[in-house]
Structures are given as structure tokens and as C-alpha cells.
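Worksheet: one structure, shown below.
We did not get these values from a lab; they are worked out from the coordinates using the rules stated. None of these values were measured; they are calculated from a predicted model. Cβ placement follows ideal geometry from the backbone for every residue including glycine, while neighbour counts extend to all protein chains displayed.
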Amino acid sequence: MVLTTAIHAERGEENLTTASRLFLALMKQDDGVRSLLLALPEVFPWVRHLDDEEVREFTVELLDALSDAAELGAREAVHRAIVSWRATARINADPDRLREALRPLGDVDLGPVEVHR
């Protein structure tokens with residue numbers, strides 16, 4: 001059972017590494033970039049609420065995170081990239097939320113901020 005689980009995990013890692021490398025190779029070619037950008041809305045329908053620059057930033061961040069997950073085992077980076085960009089899309093999709101998010105805070109001190117990495 002343990003050996004089967006280990007083999008399964010190893011194959012999963014190999015699949016992730018292969019997919020990550022394939023996407024990174026596609027990003028080095030104009031047609032590949034175009035194809036990837038056209039495919040994104042099918043995988044992540046909420047990207048329609050991101051502007052062109054945000055879609056590019058999301059794509060680069062997602063591919064970097066996939067690479068880190070494949071090469072370094074840093075799987076949390078993929079989840080974090082998707083969750084944060086989906087939250088951005090959610091704000092962009094709601095005019096009231098967007099207006100509130102863009103409102104200057106002035107001299108308001110919101111207290112200390114904890115950074116998670």
C-alpha cells in the first residue's frame with residue numbers, strides 16, 4: 001500500500017513537472033502565448049473580469065507557481081495564485097466593490113499587517 005502510494009505520488013509529480021515545462025515552453029512562442037491566453041477563459045471563466053495586463057500577470061504568476069510546485073514541491077503557490085486572482089476578478093466584476101477598493105484611504109491607519117509566505 002505504501003509503495004503504491006509512493007509510486008502514485010511520484011507519477012503525479014512527474015505529470016505536474018511535464019505540464020509545467022510544456023506551458024513554460026509554450027510561453028516562449030507567440031502562437032503558444034496566444035493559444036494559452038485563448039484557453040484561459042475555459043479553465044478560469046472569471047478571467048473575463050480581468051483587463052489584458054491582469055490576464056498577462058495572472059498567466060505569468062500561475063506558470064511560475066506551477067513551475068515551483070513541480071520543481072520545488074511548493075504546491076501552495078498554485079492555490080495562492082488562483083485564489084488571489086479570482087478575488088481580484090470578483091472585485092472587478094462588482095462596480096461598488098471596485099469603487100470601494102480604489103477609494104483613497106487618506107490618513108487612515110488600519111494597523112499592523114501580517115505577511116504570510
Note to self: Run the helix sum for the chain: -39,500 (n - 2.57) per DSSP H stretch of 4+ residues, divided by residue count, reported at 222 nm to the nearest 500 deg cm²/dmol.
What the structure shows: -24500 deg cm²/dmol
Check: Taking 0.36 nm per residue of separation and subtracting the Cα-Cα distance, what length does fully extending Leu22 through Arg97 add?
Finding: 23.3 nm
Margin query: Taking the 0 to 90 degree range and rounding to the nearest ten, how far is the long axis of helix 52-72 tilted relative to the main principal axis of the chain, both from C-alpha atoms?
Written below: 40 degrees
Note to self: For the chain, set up a GNM with springs between Cα atoms under 10 Å and report which of Ala101, Ala74, Ala93 has the largest fluctuation.
What the structure shows: Ala101
Note to self: Can you give the log10 of the normalised intensity I(q)/I(0) at q = 0.21 Å⁻¹, computed with Debye over equal Cα scatterers of the chain?
What the structure shows: -1.20
Notebook entry, point to check: Tell me, in nm to one decimal, what length is gained between Glu14 and Ala74 on full extension, where the rule is 0.36 nm per residue of separation less the Cα-Cα distance?
Noted result: 20.2 nm
Notebook entry, point to check: Quick one: Thr18, Thr59, fewest Cβ neighbours within 10 Å first, how do they rank?
Noted result: Thr18, Thr59
